[in-house]
Amino acid sequence: MERRRFLVQGGKATALAAATGGVAWAFHDRIPSRNRTIHVKKIDFEVPGDPLLPGLALARNPDDPVQALRGALDAMGGIRRFVQPGERVTIKPNVGWDRTPEQAANTNPHLVGEMVRLCLAAGASQVIVTDHTCNDPRRTFLRSGIREAVEAAGGTILLPQEEDYVDVAIGGEVLGVWPVLRQAIYTDRFINMPITKHHRLSGCTVGMKNHYGILGGRRGALHQKIDLSIVELARFVRPTLTVVDNTRVLLRSGPQGGSLDDVERRDAVIVATDPVAADARACEFLGLSPEQVGHIAAAHAAKLGTLYYPEAGFAEVP
Amino acid sequence: MTPRRLRWVRRISQGLFLLVFSWLVLKTTFGVDLALDRSGEISLPYPVSLFLELDPLVAIATLLSSWTLYRGLLWSLVILLPTIFFGRFFCGWICPLGTINHLISELPARRGRRAGGRKGETNRYHPYQRFKYLVLLFVLAAAAMGSLQAGLLDPLCLLARSLGTVVLPTLHTAAAGLLDGVKSLGWPPLGNAAQWIYDQVAVVLLPFRRAHFHGILLLGLVFVAVLALNRLFSRFWCRGICPLGALLGLFSRFSFLGLEKDASTCTHCNRCLRACQGGDDPVPGVPWRKTECHLCLNCTAECPEGSVRFRLGPVLGDAAGAPPVPAMDVGRRAALVAVGAGLATVPLLRTGDTFSVNPDPDRIRPPGALPEEEFLARCVRCGQCMRVCPNNALHPAALEAGFEGLWTPVVIPRIGYCEPTCTLCGEVCPTGALAPLTILQKIGGAETPPSRIGTAFVDRGRCLPWAMDRPCIVCEEWCPTSPKAVHLEEVTVTDREGREVAVMRPRVDPGLCTGCGACEHACPVTDRRAIRVTAVGESRSWENQILPDRSGAPERAS
């Protein structure tokens, strides 16, 4: 072989060998790494407390639940205390199941629509209503009446898809790394709007259990340590407000229901800044005492709020 | 109008019908903008199976197998009657698979047997084109024996099935993967741009939910093969295999449209032959084959001398005196063999055990499905039910329904369960293999039973409260019936540390279970679920029952 050709070809071969080795070296990894996990210990949307105002307020109105919501909210200082102009608001009602409003498996659509309207009136730049539904989200948001109510009020529905979740290192015992809805993290205000329902394992599902709806992934596995998972989630997400729909409550066959025989009217709305107190008062509508409900007692013990709700300042609006 | 202008009309017609067909397939999905109607039902705003109802092969095959012409299949006369007078205009002007084949066939070949002038030779009539008549006779004979195999090879069913379960879902996966890849590059402007493009594409092409269908590789390979064969012979599928083309060929026997050839002006340039789609020998000097012609008009548009022209009125042979060719020259013996094979295949398949005495427990049919025998007499495997299912519950069967039921729909609850208030699969079924149901017929009322597709069974060896004394009630939580078919028994057990643990163990009430599979879908034991549905208890069957008081007797929608 000619010397010149030998050198050229040898140079090319060496360059290729170096490049191959370089790529291998650059990507070499001793432990398989999990990518794209973000570390967030707490998503806190609370407003500063006000000693002159109650921690929760309950209002009743058998004719118009919207009036009850307004009454309770006014007793808490009004919407402008919680939503400032220009803020992005995420509202998380319970939209779990392909059920009609009468079946009381999902939050009353009139209340959700009114909450959207109030936030926009307070100057919110956008109001997004979302939930990780159990049944298909298209059907669930449709049949629950929430899509129609929210869109009529000027809000936006987000039907979550795979790419709307981000893996979050929450750092709990059960909730270690878990997929969380982006819309619950990247927002300014978070309003939790549960409905009070029976649940065989947790006793009841009200506000703190409703936070499950910002989680994706294998939620069914959480039921093995349901109380702990609810408490860890309550520690992770601190809502601006918990607005509990007690206009119709589901007494049996929860959380999905189906039969109107399992539904009773209570015509009440609770608005609270203390999520534990909200759940404690609401579970009484199901005939439960908050001390008996595992996750409420555990959340109280973890100092996430008080189950002795009169201590939080309880106002009952006629 | 000049032949060249008329050819443009044909091209526009092909494009429009391909668009309409694709649009209807795209619209066979639960759109995020659907609304409830006054009775609380959700139905699609478009007649998405219209194209399948226009299909004369679907109509005739289901007529032979079920002795009824279901609902919209009367529309097929719109195609069939004009074919009798004017020939196979459907193949050349309307058929969407034909249009795709046409496009692929006409991509230029740079080398090989179809390059340049050699293409004319491959476009002459070849004996392989007779094979489609044998396919037709086979599927019609099988239909007469009660088994609808025509849907496997019917071009509209094949295309709807391939687009719906293979092409569009694969596109979805590819697009989502590409988007993910671009985003992971870590440059936000690029990621945002990719997201914007993805969103625009998604609005048109991608359904809300990414679908994953069972065993689609074979389905995809068949589709790719059909497309690839166009590079061997132009429109190989249309000329040699398509049973719908064969049927329309038979029906065009008395057509008045004829090709008049003038051998005296012909210069033998063979341009007509090179452009021919049907392989019907438009070139002067040999007989024109009416039943092969797609009426694409390429020959008349290409001829520089005006030597070939379409004329109304019977054309006997041509000016050179060549005799007319019989409509279906497959020969009596071959025809008898094809019919005999079709007749014999059905009892052969049904003598095997899977049809009757040993059905697969995973052969869970969609709600409203007719009893298996009647179901197989009607299902054309168009895949519309699978595509419209909002939960991705319906899948093309591999062998769950035996060879006879290849690609017929089955429910795989682990992937998706049957939504109690959803009735879309029966709504889109073009042949009534799935009867349309109202919500009341689906979930049952005070007096009427629900439509059951199977029964759930707890696997006590895998169920957390049963096998491992861990609390879990997810199946009960998800059970949609009122009262719940999955109910819980509270027991106190002692764990290995000696502590008392209260657990609730699920049991299934077979009298209430509809087999919807919500429990199986939600069960946290992710791979083989601890509660699983099998077909036993299905409303449509007399025999496949557990309870003594349930004799099936499917209540059919009238």
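Summary table
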| quantity | calculated |
| --- | --- |
| Boolean, B:A150 is in contact (Cβ under 8 Å) with a residue 24 or more places away in the chain, within 22 Å of the chain's Cα centre (by Cα) and surrounded by fewer than 20 Cβ atoms within 10 Å (Cβ to Cβ) | no |
| Residue identified as under 19 Å from A:L201 (Cβ atoms) and not charged (D, E, K, R) among A:A282, A:A315, A:A268, A:A277 | A:A282 |
| Of all residues in the stretch A:223-271 being closer than 27 Å to B:R470 by Cβ and of a type in the set (A, V, I, L, M), the one that is surrounded by the fewest Cβ atoms within 10 Å (Cβ to Cβ) | A:L228 |
| Conditions (1) away from chain B (no Cβ under 14 Å); (2) within 30 Å of A:P239 (Cβ to Cβ); (3) of a type in the set (S, T, N, Q): number failed by A:Q9 | (2) |
| Hits in the stretch A:125-137 (condition: in contact with a Pro (Cβ under 7 Å, 6 or more places away or on another chain) and either away from chain B (no Cβ under 14 Å) or surrounded by 24 or more Cβ atoms within 10 Å (Cβ to Cβ) (or both)) | A:V129, A:T130, A:D131, A:P137 |
| The one condition in (1) touching a residue at least 24 places away in the same chain (Cβ under 8 Å); (2) in a helix (DSSP H, G or I) that B:Y125 fails to fulfil | (2) |
| Qualifying residue in the stretch B:427-441 (condition: within 12 Å of chain A (Cβ to nearest Cβ), modelled with pLDDT under 95 and out of contact with any Leu (no Cβ under 7 Å at 6 or more places or on another chain)) | yes |
| In the stretch B:445-467, residue farthest from the chain's Cα centre (by Cα) [restricted to those that are at pLDDT 95 or above, closer than 30 Å to B:L434 by Cβ and surrounded by fewer than 20 Cβ atoms within 10 Å (Cβ to Cβ)] | B:D459 |
| In the stretch B:97-106, residue most open to solvent (accessible area, probe 1.4 Å) [restricted to those that are in contact (Cβ under 8 Å) with a residue 40 or more places away in the chain and out of contact with any Pro (no Cβ under 6 Å at 6 or more places or on another chain)] | B:E106 |
| Selected residue (only one of A:G207, A:G217, A:G294 is open to solvent by less than 20 Å² (accessible area, probe 1.4 Å) and in contact (Cβ under 8 Å) with a residue 24 or more places away in the chain) | A:G207 |
| When residues of the stretch A:76-115 are limited to those that are more than 14 Å from A:V249 (Cα to Cα), assigned to a loop (DSSP other than H, G, I, E, B) and in contact with a strand residue (DSSP E or B) (Cβ under 8 Å, 6 or more places away or on another chain), the one farthest from the other protein chains (Cβ to nearest Cβ) | A:M76 |
| Which numbered condition B:D549 fails, given (1) within 28 Å of the chain's Cα centre (by Cα); (2) more than 14 Å from chain A (Cβ to nearest Cβ) | (1) |
| Failed item in (1) open to solvent by 70 Å² or more (accessible area, probe 1.4 Å); (2) more than 11 Å from chain A (Cβ to nearest Cβ); (3) touching a Leu at 6+ places or on another chain (Cβ under 6 Å), with B:A485 passing the rest | (1) |
| Matching residues in the stretch B:454-482 - criterion: being away from every other protein chain (no Cβ under 13 Å) and touching a helix residue (DSSP H, G or I) at 6+ places or on another chain (Cβ under 6 Å) | B:A456, B:R460, B:G461 |
| First in the stretch A:66-80 and more than 11 Å from A:I270 (Cα to Cα), second anywhere and open to solvent by less than 10 Å² (accessible area, probe 1.4 Å) and charged (D, E, K, R), Cβ under 7 Å, 6 or more apart | A:V66/A:E114 |
| Qualifying positions in the stretch A:182-231 - in a strand (DSSP E or B), aliphatic (A, V, I, L, M) and away from every other protein chain (no Cβ under 14 Å) | A:I191, A:M193, A:I195 |
| Out of A:A301, A:A280, A:A315, sole residue that is in contact with a helix residue (DSSP H, G or I) (Cβ under 6 Å, 6 or more places away or on another chain), of a type outside the set (D, E, K, R) and at pLDDT 95 or above | A:A280 |
| Search result, residues across the stretch B:29-43 that are assigned to a loop (DSSP other than H, G, I, E, B) and over 27 Å from the mean Cα position of the chain (by Cα) | B:D37, B:R38, B:S39, B:G40 |
| Index of the failed condition, B:L69 passing every other in (1) free of Cβ contacts under 8 Å to residues at least 24 places away in the same chain; (2) in a helix (DSSP H, G or I) | (2) |
| Residue list for the stretch B:457-476, filter: acidic (D, E) and within 13 Å of B:V508 (Cα to Cα) | B:D459, B:E476 |
| Criterion violated by A:I270 - all others in (1) within 14 Å of chain B (Cβ to nearest Cβ); (2) assigned to a strand (DSSP E or B); (3) farther than 25 Å from A:E173 by Cβ; (4) not charged (D, E, K, R) satisfied | (1) |
| Selection from the stretch B:38-65 of residues that are open to solvent by less than 50 Å² (accessible area, probe 1.4 Å), among the charged types (D, E, K, R) and within 14 Å of chain A (Cβ to nearest Cβ) | B:E41 |
| For A:F190: the one exception among (1) closer than 22 Å to B:E477 by Cα; (2) open to solvent by less than 10 Å² (accessible area, probe 1.4 Å) | (1) |
| Of all residues in the stretch B:405-421 being out of contact with any Gly (no Cβ under 7 Å at 6 or more places or on another chain) and open to solvent by 10 Å² or more (accessible area, probe 1.4 Å), the one that is farthest from the other protein chains (Cβ to nearest Cβ) | B:L406 |
| Subset of the stretch A:138-167 (residues that are part of a strand (DSSP E or B), open to solvent by 20 Å² or more (accessible area, probe 1.4 Å) and either farther than 17 Å from B:D33 by Cα or more than 9 Å from chain B (Cβ to nearest Cβ) (or both)) | A:T156, A:L158, A:Y165, A:D167 |
| Some residue of the stretch A:232-249 being assigned to a helix (DSSP H, G or I) and within 14 Å of chain B (Cβ to nearest Cβ) | no |
| Residue among B:V32, B:V9 that is over 24 Å from B:R161 (Cβ atoms) and either surrounded by fewer than 12 Cβ atoms within 10 Å (Cβ to Cβ) or without any contact (Cβ under 8 Å) to a residue 24 or more places away in the chain (or both) | B:V9 |
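Okay, residues lined up against (1) more than 23 Å from the chain's Cα centre (by Cα); (2) aliphatic (A, V, I, L, M):
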site	(1), (2)
B:S162	no, no
B:V166	no, yes
B:A175	yes, yes
B:G186	yes, no
B:D199	yes, no
B:V204	no, yes
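The values are calculated or read from the model by the stated rules, or taken from the named source; none is laboratory data. Values in this document were obtained by computation on a predicted structure and should not be read as measured data. Virtual Cβ from ideal backbone geometry, glycine too; neighbours counted across all protein chains shown. These accessible areas exclude ligands, DNA and RNA; they are computed on the full protein's heavy atoms, side chains included. Shrake-Rupley method; radii C 1.70, N 1.55, O 1.52, S 1.80 Å.
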